[in-house]
Amino acid sequence: MTATATHTSVIISFNGQRVTVDYQGHADMESLLVHARSAFGANNQHTLGLYNEDGTELQPYTNSIDSFGIKPGQVLYLKPSTVKGGTECAVDGEVPPC
């Protein structure tokens, strides 16, 4: 017997609109993000991220969808991603604005 991939779906909300997007739980979150952007025609919106109902961004996007506890039918939100890291500038041990 061969294993088959199970497809399930979530609801993605973006700018007041909702669409259903299929996913495979073992896939990485990046793949769901790509499908979500595509569903809204936001393919070059690399600043958009996926968030759960609590407002937590679902990252790192290299983790599996299942690792975030996503359930079929769950609503996720596509919105501007949080600012990712940066570096501090230090001069003589002090950290001035860069």
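Odds and ends about this structure:
- Förster-model FRET efficiency, 35 Å R0, Q45 and T8, C-beta, rounded to 0.05: 0.90
- Among T62, T8, a tally of other beta-carbon atoms within 10 Å of each Cβ gives an order, fewest to most, of T62, T8.
- Shape of the range 8-80, Cα gyration tensor, a/c cut at 1.5: rounded
- Length gained when the stretch V19-D66 is fully extended (0.36 nm per residue, less Cα-Cα span): 14.9 nm
Where a number appears in this text, it was derived from the coordinates with a stated rule and is not lab data. Just so you know, these numbers come straight off a predicted model, no measurement behind them. Cβ atoms come from the backbone with ideal geometry, glycine included; neighbour counts cover every protein chain shown.
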